[in-house]
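J.: Take a look at this one; I'll ask things after.
The values are calculated or read from the model by the stated rules, or taken from the named source; none is laboratory data. Since the structure is predicted, the reported quantities are computational estimates derived from the model, not experimental observations. Heads up, the Cβs are rebuilt from the backbone with ideal geometry, glycines too, and the neighbour counts pull from every protein chain shown. Surface areas here come from the heavy atoms of the whole protein model, side chains and all, with no ligands, DNA or RNA. Shrake-Rupley method; radii C 1.70, N 1.55, O 1.52, S 1.80 Å.
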Protein chains: 2
Amino acid sequence: MASVTIMDVARHAGVSKKTVSRVINNEANVKDEMREKVNRAIQELGFKRNPLGMALAKNRSLFIALLSDNSSPGYLMNLQKGILQGCSEEQMGLFLYDCDYRSPTLVQEVEAYIDNTLVDGLILRPPMCDKLELLEMLDRKNVAYIRIGPKDLNRGESLGFNSAKASYDITHYLLKLEHRHIGFILGHPEQRSSQLGEEGFRKAYKEAGLKVNEALIAQGYYTYQSGMDAAATLLNNTPRPTAIFAANDEMALGVLYEVQSRNLKVPADISICGIDDIAQSTKVWPNLTTIRHPLLTIGYQAACLLIGRLKNKKTAGPARGPDGTQIFDGELVIRASTSTAPKAIEVGT
Amino acid sequence: MASVTIMDVARHAGVSKKTVSRVINNEANVKDEMREKVNRAIQELGFKRNPLGMALAKNRSLFIALLSDNSSPGYLMNLQKGILQGCSEEQMGLFLYDCDYRSPTLVQEVEAYIDNTLVDGLILRPPMCDKLELLEMLDRKNVAYIRIGPKDLNRGESLGFNSAKASYDITHYLLKLEHRHIGFILGHPEQRSSQLGEEGFRKAYKEAGLKVNEALIAQGYYTYQSGMDAAATLLNNTPRPTAIFAANDEMALGVLYEVQSRNLKVPADISICGIDDIAQSTKVWPNLTTIRHPLLTIGYQAACLLIGRLKNKKTAGPARGPDGTQIFDGELVIRASTSTAPKAIEVGT
DNA sequence: GTGAAAGCGCTAACAC
DNA sequence: GTGTTAGCGCTTTCAC
């Protein structure tokens, strides 16, 4: 392209390269008069700073990437959208990297990715954000990161969701609807949010003075298929649960499928709810009762935080500020998939 | 980082910088002996070429981006996955840019994005790939692109899906099931695929010697909501259609919702089908009969094609090869949402 | 075939 | 406050 360089601007404004550099970097110690002259030249010439030149000289690309695996696409979609919004405002690009959480060479793969793209900031979602070796590698390479997930490793900043409260709220709601046989599908056992969710579930029972039926707790993995499988197990229980609460919507959708395929009516025969409020939850019939997870906000904030930190980072050192962990609360959204428990409990098949 | 530069390698191997450069760029005119020496040094030192240095010197970043808007998330998810696979194999990063198709300043926004990231290749999906002004801007800026979509502008390479055949196949299938009142929901009127789809639909009728009932053709926009709306209209027809065929799955899901919310049974009362086979189609009950759109393959190929072209492009010029348009056929996937037409047709509400 | 020098666009360190 | 010089890591002349 007819690229206008910083040199052209300098000549046009009758100043030195460095002064122009100072102006475009918003540095102090530039006379207003000069600044204006330079800005005018930039306008007139249509100058755009070449990020590559900057990156090379500063040894910081300002590129960031979202590391994700592809389980729970609805969740990812929302988060991605929020992040992109933040990037767009900050005029930054977002790299995407799709990795397999279970890959034994995960850390090396990510490292190679960083070397290839020179990103210097990463947004990590679960389950990646809980992988200690990964975080250690990033620290070693001096790559900044924001973790999306409940803080439990004391590393970097993280933006979390209040899984315990969400779980508590849903359970409380179901108990209020007089459900006494609630099936609960846990999240991925290796993710912190799963334990927190279980705590919330139990807390609601305890406060209601009721005892949890352990037979109605099933293991899930946050995936659609695991929701289906767990539902199949739970539905074979006697008495059959009058409600099933899955730790995320992706699994709840699996439950819904399993229930409907057995010709049970939702919510007449059985209530279903999840957590997250992904787009799909309002695209199935009946719409899912859930907890709204402010993923868009979280994604947006994560992007802004990360970019802000990269832009301000003077020295390269891993000088992470005080723990900036922020926890977001969800909000109960009552839709058509839940109702009061059916009066008579039949022993179904 | 302990970054090893090309200079270090040169010293270690006892050759000049340039020779190393030749080796890592796989250029001809290097003695095998030299090449080996250099390669050994690269190994020993763990050298990785800094893409930024290259980008600056060559004025080509090799970065590519996927331009998308967020309608039809399932479609996007699949495409994205395919593209990422290709990028990963080629050791390239993928930038993501989410834009609003309807924005009046779309072209400027994309241009600013290119200036900010210096991407020199773009993958365009519909509806972006049909925007002539956008393509013109890209040509002017000498940014390569691959269009995902039916070729109709004679610009660049494109990977297309055979929408006409897909539509024909579905319609043919429904007619074979003795449906005679098929509601058809068109795609976005500004996208070429929509017209092709309509042609396929009509062709199937014609070949069967039947006449299309124009009242049963409704306008859609490829979005979930537009599918719901169109279904609402179609279901009020007398006689009510015994099947509804939507031009993509996203809309078909909207139809399914609308139908189920009216307490109609699928497929007993009404059959539903779509096109694309997005993940969601096997996550609803009943699973959707559809045409499998090889989006993963298309995305993968698009990435490989684009990257390949960038890597080989000697001179910057927009020297696009002969038209490499490739059309992929879909494949009928029969699932639970379709069955033979109900015998007696009731006039419903 | 190979190497020396110059330069991509920008910023860092140090003068003035 | 501002300008000068050197250099980020790589590639491109163009000699040899």
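J.: List the residues whose amide H sits under 5 Å from the amide H of residue B:332, counting only those 5 or more places along or on another chain, with H placed 1.01 Å from N in the peptide plane.
T.: For residue B:332, the qualifying residues are B:292.
J.: Tell me which residues come under 5 Å, amide H to amide H, from residue A:122 once H is placed; ignore anything under 5 positions away on its chain.
T.: Long-range HN contacts for residue A:122: A:65, A:144, A:145, A:146.
J.: Helix B:192-207 sits at what angle to the longest principal axis of chain B, using alpha carbons and giving 0 to 90 degrees rounded to 10?
T.: The answer is roughly 40 degrees.
J.: Also, quick follow-up: Express in whole angstrom the spacing between the alpha-carbon centres of region B:60-74 and region B:1-44.
T.: 35
J.: Further question on the same structure: Note down the nm distance, to one decimal, between modelled labels 7 Å out along Cα→Cβ at residue A:43 and at residue B:34.
T.: Each label point is offset 7 Å from its Cα along the Cβ direction, giving 5.3 nm.
J.: Along the positive direction of the dipole of the protein assembly as shown (beta-carbon charges: Lys, Arg +1; Asp, Glu -1; about the Cα centre), which of A:245, B:339, B:267 reaches farthest?
T.: About the Cα centre, the residue reaching furthest to the positive side is A:245.
J.: No solvent, one uniform scatterer per C-alpha: report log10 I(q)/I(0) for region A:117-168 via the Debye equation at q = 0.19, 0.29, 0.32 1/Å, two decimals.
T.: -0.61, -1.19, -1.35
J.: Return the equivalent ellipsoid semi-axes of the protein assembly as shown as a descending list in whole Å, where each equals the square root of 5 times an eigenvalue of the C-alpha gyration tensor.
T.: Working: eigenvalues 460, 232, 103 Å².
Ellipsoid semi-axes (Å, largest first): 48, 34, 23.
J.: Keeping all protein chains in the complex and leaving out DNA, RNA and ligands, what accessible area do you get for residue A:7 with a 1.4 Å probe, in Å² to the nearest 10?
T.: Surface open to solvent at residue A:7 totals about 70 Å².
J.: Under 5 Å between amide hydrogens, which residues at least 5 positions from residue A:161 or on another chain qualify, with H placed 1.01 Å from N in the peptide plane?
T.: Those lying under 5 Å, H to H, from residue A:161 are A:149, A:328.
J.: Counting only other chains, and only Cβ atoms inside 10 Å, what mean value do you get across the residues of B:87-99? Walk me through the numbers before you get to the answer.
T.: Details: counts 6, 7, 0, 1, 5, 4, 12, 7, 9, 10, 5, 8, 2.
Per residue, the average neighbour count from other chains is 6.
J.: Please report, in cubic angstrom per residue, the volume enclosed by the convex hull of the alpha-carbon atoms of chain B. Display every interim value, and only then the final one.
T.: Values: hull volume 55.3 nm³, N = 349.
It comes to 158 Å³ per residue, whole-number rounded.
J.: Continuing with the same structure: Each residue of region B:243-249 in turn: what ³J(HN,Hα) in whole Hz from Karplus with 6.51, -1.76, 1.60 and θ = phi - 60°, glycine and Pro shown as x?
T.: Rounded to whole hertz, the list is 8, 10, 10, 9, 5, 8, 5.
J.: Quick one: of the DSSP bridges fully inside the protein assembly as shown, what percent are antiparallel, nearest 5? Mind showing how you got there, number by number?
T.: Values: 9 of 69 bridges.
That works out to approximately 15 percent antiparallel.
J.: Further, regarding this structure: Quick one: label points 7 angstrom along Cα→Cβ at residue A:132, distances to the other copies in nm, smallest first?
T.: 6.2
J.: If you don't mind, another one. For a quick check of understanding: with a 1.4 angstrom probe and all protein chains in place, what accessible area in square angstrom does residue B:88 have, to the nearest ten?
T.: 60
J.: In whole percent, and with a 1.4 Å probe on the protein chains, what portion of the accessible area of chain A is carbon and sulfur?
T.: 50
J.: Distances in nm, one decimal, shortest first, from residue B:262 to the same residue in every other copy, taking the label point 7 angstrom along Cα→Cβ.
T.: Distances between equivalent label points, in nm: 3.0.
J.: Turning to a different aspect of this structure: So how do B:206, A:141 rank on accessible area, 1.4 Å probe, biggest first, that is with the largest at the start?
T.: Reading off the accessible areas and sorting them downward yields B:206, A:141.
J.: When ligands, DNA and RNA are left out and all protein chains stay put, how many square angstrom of accessible area per residue does the protein assembly as shown have with a 1.4 Å probe?
T.: Values: 29880 Å² over 698 residues.
Ligands and nucleic acids excluded, the figure is 43 Å² per residue.
J.: Taking a 22 Å limit on the Cα-Cα distance, which of the listed pairs B:131/B:203; A:141/A:311; A:131/A:151; A:58/B:48; A:283/B:165 fall beyond it?
T.: Numbers: B:131/B:203 28 Å; A:141/A:311 18 Å; A:131/A:151 12 Å; A:58/B:48 18 Å; A:283/B:165 28 Å.
Long pairs (Cα-Cα over 22 Å): B:131/B:203; A:283/B:165.
J.: I would also like to ask the following. Please report, for residue A:11, the nm distances (one decimal) from its label point, 7 Å out from Cα along the beta-carbon direction, to the equivalent points in the remaining copies, shortest first.
T.: 3.6
J.: Right, something else. What FRET efficiency comes out for residue A:327 versus residue B:215 if R0 is 51 angstrom and r is the Cβ-Cβ distance? Round to the nearest 0.05. Each step should come with its number before you reach the end.
T.: Values: r = 55 Å, r/R0 = 1.07.
After rounding to 0.05, the efficiency reads 0.40.
J.: I'd like the per residue volume of the convex hull spanned by the Cα atoms of region A:6-49, given in cubic angstrom. Kindly include the intermediate steps, with their values, before the conclusion.
T.: Details: hull volume 2.5 nm³, N = 44.
Enclosed volume per residue, from the Cα hull, is 56 Å³.
J.: Find the relative contact order for chain A and round it to a whole percent, using C-alpha pairs within less than 8 Å whose residues are 6+ positions apart.
T.: Details: 649 pairs, mean separation 64.5, N = 349.
Dividing the mean separation by the residue count of chain A yields 18 percent.
J.: Farthest toward the dipole's positive end in chain B, which of B:43, B:227, B:303, given Cβ charges of +1 (Lys, Arg) and -1 (Asp, Glu) about the Cα centre?
T.: Farthest towards the positive pole: B:43.
J.: Turning to a different aspect of this structure: Find the sum over both chains of the accessible area lost when A and B are paired, probe 1.4 Å, and report it in Å² to the nearest 100. Each step should come with its number before you reach the end.
T.: On the way: alone 17110 and 17100 Å², together 29880 Å².
For A against B, buried area totals roughly 4300 Å².
J.: I need the per residue convex hull volume for region A:163-293, using only the alpha carbons, in cubic angstrom as a whole number.
T.: Numbers: hull volume 11.8 nm³, N = 131.
Cα convex hull per residue, to the nearest whole number: 90 Å³.
J.: Once both axes come from the Cα atoms, what is the angle between helix A:224-235 and the longest principal axis of chain A, in degrees from 0 to 90, rounded to 10?
T.: 20
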